[in-house]
Structures are given as structure tokens and as C-alpha cells.
1. Quick one: in segment B:308-324, which of the residues that are in contact with an Asp or Glu (Cβ under 9 Å, 6 or more places away or on another chain) and touching a residue at least 24 places away in the same chain (Cβ under 8 Å) is farthest from A:Pro98 (Cα to Cα)?
2. For segment A:54-72, what are the residues that are closer than 14 Å to A:Gln8 by Cβ and surrounded by 14 or more Cβ atoms within 10 Å (Cβ to Cβ)?
3. Report whether or not A:Arg112 is over 27 Å from A:Glu187 (Cβ atoms), basic (Lys, Arg), more than 8 Å from chain B (Cβ to nearest Cβ) and surrounded by 15 or more Cβ atoms within 10 Å (Cβ to Cβ).
4. When segment A:117-144 is examined, which residues are found to be more than 14 Å from chain B (Cβ to nearest Cβ) and hydroxyl-bearing (Ser, Thr, Tyr)?
5. A:Leu123: touching a Lys or Arg at 6+ places or on another chain (Cβ under 7 Å), surrounded by fewer than 23 Cβ atoms within 10 Å (Cβ to Cβ) and of a type in the set (A, V, I, L, M, F, W, C), yes or no?
6. Mind listing whichever residues of segment A:51-69 are touching a Ser or Thr at 6+ places or on another chain (Cβ under 9 Å), closer than 17 Å to A:Leu37 by Cβ and not in a loop (DSSP other than H, G, I, E, B)?
7. What strands (runs of 3 or more DSSP E), lying completely within segment A:132-251, carry at least 3 residues that are on the phi < 0 side of the Ramachandran plot and of a type in the set (Lys, Arg)?
8. Got a sec? Which of B:Val167, B:Val203 is within 30 Å of B:Leu118 (Cα to Cα), of a type in the set (Val, Ile, Thr) and buried (at least 16 other Cβ atoms within 10 Å of the Cβ)?
Amino acid sequence: MESNLAMQTKDLDFFYGDFQALFKVSLDFQIKQVTALIGPSGCGKSTLLRCLNRMNDLIPDTKVIGQVSFENVNIYNPEVDPVEIRRRVGMVFQKPNPFPKSIYENIAWGARINGFRGDMDALVETSLKRCALWDEVKGKLRQNALSLSGGQQQRLCIARTIAVEPDVILMDEPTSALDPISTAKIEELILELKERYSIIIVTHNMQQAARVSDQTAFFLNGFIVEVGATKELFANPKEDKTKAYISGQFG
Amino acid sequence: MSKTKTHPMARTHEELAALIHRRRQTGKVWQLAFYGATGIAILSLIVLLLNIFNGAFGFVLIQNEVEPADLVASGNLADLDQAGLIAIIEEYQSAGLVRRFNAEKPLANRSERELIDLVEERVVKPVIIQAWSLQDSIFRQNEIRAVAADSDLTTLTFRSWVSWEFVVSPQNPSPQFAGVRTALLGSLWMILIVMVVAFPMGVAAAIYLEEYATKKTWYNRLIEVNIYNLAGIPSIIYGLLGLALFVRGMAPFTSGAMFDPTVDETTNGRTIISAGLTLALLILPLIIINSREALKAIPKSLRESSYAVGATKWQTVWHHVLPASFERVLTGTILAISRAVGETAPLVVVGASTFVTFDPASLFAKFTTMPIQIYQWSARPQSQFRNIAAGAIIVLLILMLSMNAFAIIMRNRIAKERRV
């Protein structure tokens, strides 16, 4: 695996029981870049995302065939601990899901359980600043995180994710539950975060994919239809299906 | 297609109005049924409470063997000092009895209160000749007063069968001196054992079944089906189980002989600990089921957010799932324990004593509990026992209500602290 890859999948098949959701997915994720996964509902893009930090392990009766490489190791090797993978490959979910605890604790908890020994107050502050949330919440760090607005909660979830210093951040439609202004803030944030982290984002919003991502992969029915640089893919799709999808003919 | 064919949804204004009216009528009929059901429930509760209060208060006709006025000029025993009271006891009681009293506790060492009680019980010897219900006391007062006036040497007083005296007095063969102290202590001990045993075990089992057990393995399915069935088993069966397992099988432990060989062997393991363990078993399935429902109600997103920052399963359960479900777990436990407090049948089988006059000294003491005491009193032929049974029911109700209130306040306080 080349050193400029954050992650890589090779011939990845995924099954929910008897239903196959992914077929031979081979995909490279560039380091410190944003990769967008697009496609209609049920095409397997979220499933792939959840394969990348073994979140699918939590769903009973699922099966993975193939490889997901992270730092030259197949994360599905039996000796790999999924807990370790999930710390290094963080995840932001569709619906903001902060812990029902204080804002401070939301950031501090993940760091604490992962053995953080430094200055916790400083970590909370930098994490919140990186997510452009510090100014809004600095006076009420002890308040419950659920008292924040949806957009603030989602930025808090991103701050929580970066507080444990992952290498990769997975985002599963992070703005689909948010209003346009909050969405714009998150998109801005994604562009800043890619300086430090590799980001893989699933989105239904093609404009969003075009705005924030460097590469895009288009999925259909569990297969990759087309992968390429985002500009190229949106300007000159090679496949007819891609063209049809990005021009809004289905999906 | 013919032009006369109308759209299937087409209705004239009148048709639509009639249709809506019919739908509203149906709704009203159901609404009435719901009101009716609630009304019947409230009515039966009121009848139940009235029935209890009817027995717990009312006029009593008391005849004293010796009038207090004959003992002290004012007619009030409290006006006498210790020496005066001892003098009365020695005057009215045989020398043998006085020796026995002294052997129990020297009279000179007894407090004035204790002496007054002794004089009341042994010398004055009030006998309740007749007791009336609250209903009669209110509506047939004239008749009652007439009866009282007819009989000599009697006093008519309005008596509340439930009083502080009633709560702190031990069991006694005569109803006007009997109290629920021993039964109340027995019940409190039992609640303590049930809580200590059933709560942690039930929550732990629920966590295993909900968070760790894979639903596919046959033994987990078997456990699950069995727990649901166990919750429906009649409580007397648990009594039989407790009798075989705790009273007989573990007699050396439950009789306390294991720890203290000099212990009273006659208890045979029919002790508070046996009863507590039996009731703990009885409510274990309830706690497990309630706690599982509570854990199940925690959304997947909370677990995922915890895993996503690199938490282990145990950290996820301990830091997020349990705290978030704690209120519901506690509510389920309160309900289960309330059920244990009211259980009678299994305790009869396990061997609750019906007549205990001394406080339970340890977990390995003979015991009785409030429901047993009520059951036993209400089965007595003398009508006055029904009055004290009604009094005991009120005490039991107050006990349960205050327990539940305490638990709810605690729960709300925990919830509030967590939300900050």
C-alpha cells in the first residue's frame, strides 16, 4: 500500500445475513483529502463507511469478505482490536448524537478512556476551537450538550471525534439533519479539518460532494460505478449511470 | 372510459358531513368506554379505602376492671409518681406475679411510662365490650350512646385503631394492646434483603442478556423464554421453592447455626433471611424484564457514539447505557419491590410465624410481616381483630406509599444531577 493512502479496500464484499450489500469494492482513500461517497439510497455507501471502522461488527449476523487496509494492516485480521481501530478512525453520524452529559464531558470522555494524560482543559479548548464552537460555548461548558442547537451538536460531535486524535474521520451524511446555515458551517469545517485528517464523507447532496471533496466515488446497488477526482467526475462522467445520477435523473 | 364515472373519493358536502359525523360518533362511544373503565377503577379504589377506614376508626365501649379514678383521685395515672405506681401494682397483683415482674425487669428500674403500661394492662384491665365501625359511629350515634348509657361501669370513647402506640407496640393476644411493631420490622428487614439481593442480580442479568448475550445461541433463547415464564408463575410456587431450597436445603446457613452454634435451633431455617431470599427470587424475573426494557429503550445512536471514540463494550454500558436507563431501571425495581412487600402466600409456606412478640434480633430470627399479620388478624373470630387488621392495612399502605415516594424523589434527584 502506498504511503499516501489513508485507507484502502480491496475486493470487499459485505453481507447482512443472506443479503449482499457490497460487491468487490476496491477503493483508495488519499491521505489528508476528502473522499465523498455518493449514490442513491441503499447503494451501500453507508455500509462501506461503517466497514472502515468496523462499526458493522455491532450489527448481528453480518459478514465481511475481502480487505480493509489501514497502515498496511487488514483491520479485519483476527488479531486487530476493533476498539483501537475506532479510536484511530473516528466517526460522525447522520443525526447529531452527543452524550447526554456536559459539553466539557463530551470532549473529555473519549480522551480520558483512551488514556489521555495531558491538560484536559486545554484539550477541550483546542478541540472546540478547531470546530469553531469555542466562542459559542465557552461560558457554558458545564451545561448539558443536548441544550445546544442541532448544528452546534453536530460540531460538538466532530470536536469529540478529533479530541481523541484520529487519523481518519468518517462522516455519515453529517448535514442531512441540519439547516442550510449549519450545513455551510460544517462544510467550511470539513475543508479546514482536511489539513490534519483524512476525511471520508457519505452524502446525498451532490452539491456538497462537489464543494467539499477531492475525490468522489459513485455507488449503485453495492458496486462502485465510477471513481475519480471530484471535478472530473462531475464535469465529465465516464459512465452513463453516473451522468444520469448527477444530473438528477434518478436517486 | 365513460364520462359519468366519478372519482372514487368524490362525495357531496352532505355525504361528507354525514360520514364525518358517523366517525365522530364511533370515537365518542369509545371515549365513553374509556371514561367508564377509569371511573370503575377509581370507584373500586374509593370503596376499598372507605372499607379500610370504616374498620380503623369508631366508637368503642370500654369496661375497666378497676377504674383509674379508684387508683388516683384525678383519674389520670400519669399524675402518679413511680413509687405510687409500684405501690398500686403490689397492692393489686399477687406476690408471685410481682416477683415475676421483678424477674423480667426490676420494677424500681422501670420508667414511669413502662409502669403506667403495666398498671393499665394488669390492674385497670380495660376490656372492649363492643366496637362500632366508622359508619355506625357517624350515622347511628344515638343508638350507640343509648347502649353505652344502659351498661354500668363503661366508658364510650372514639378510638382510632391506628395510632403511634399501635405502630410501636409488639404483638399481643388482646386486640386493644396489640401493635404491628414486630411485623413492621419484619417487613423492613425483608425489603432490605430483597433490595440487596435482587436489585444488583437482576440488573446484572439484564445487562448480560441485553448487551452481551447473542440472541442466536440456543441457551440464551432458553434463558430468555424461561425468565418471561418465571414472571408469570404463581407466588406460592416460589414459596415451595424457598421452603425446599432455603429453609430445608440451606438450613445450617438460614438458621444461623453456621455462624453461631448456640443459636435457637427451633427456627429450623424459617427465618427472615429465608423469606427475604425467597421474595428476592420471586421478583428477580420482574426486575430483569423491567431492566431489559429500560436498556432496550436506549437508542442505538448513543451506543454508536461511544464506540466511535474508541470505547469498549463495558465502558459503553457503564458510562452511557446504564446511566441513561437508570431512571427506568429504578422505576421497574420500585414496582417489583412493592410487589414483594405485599406478598403473603410464599411467606406462609416458608414459615412466617403468626405470633411473634419480640423484635427480630438478626437475619436469623423468626419473623412475621405486615401482610401475614393482617391475614392472621382478619381470620380471627373476635370482631376487634378486624379493627386492628384495618389499622395494620393503613400502616402497610403508608409504608408502601412512603417507600415509593422516597424512591421517586431519589430517582428524580439522580436524574437532575445527571442533566447538569
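The values are calculated or read from the model by the stated rules, or taken from the named source; none is laboratory data. Bear in mind that the values here come from a model prediction, so they are computed numbers and not experimental data. Note that we place each Cβ from the backbone using ideal geometry, even for glycine, and neighbour counts take in every protein chain shown.
1. The residue in question is B:Lys313.
2. The answer is A:Gly66, A:Gln67, A:Val68, A:Ser69, A:Phe70.
3. For A:Arg112, the condition - over 27 Å from A:Glu187 (Cβ atoms), basic (Lys, Arg), more than 8 Å from chain B (Cβ to nearest Cβ) and surrounded by 15 or more Cβ atoms within 10 Å (Cβ to Cβ) - is met.
4. Within segment A:117-144, just A:Thr126 meets the criteria.
5. no
6. Correct list: A:Cys51, A:Asn56, A:Gly66, A:Val68.
7. Per the criteria, no element qualifies.
8. Being within 30 Å of B:Leu118 (Cα to Cα), of a type in the set (Val, Ile, Thr) and buried (at least 16 other Cβ atoms within 10 Å of the Cβ) holds for just one of B:Val167, B:Val203, which is B:Val167.
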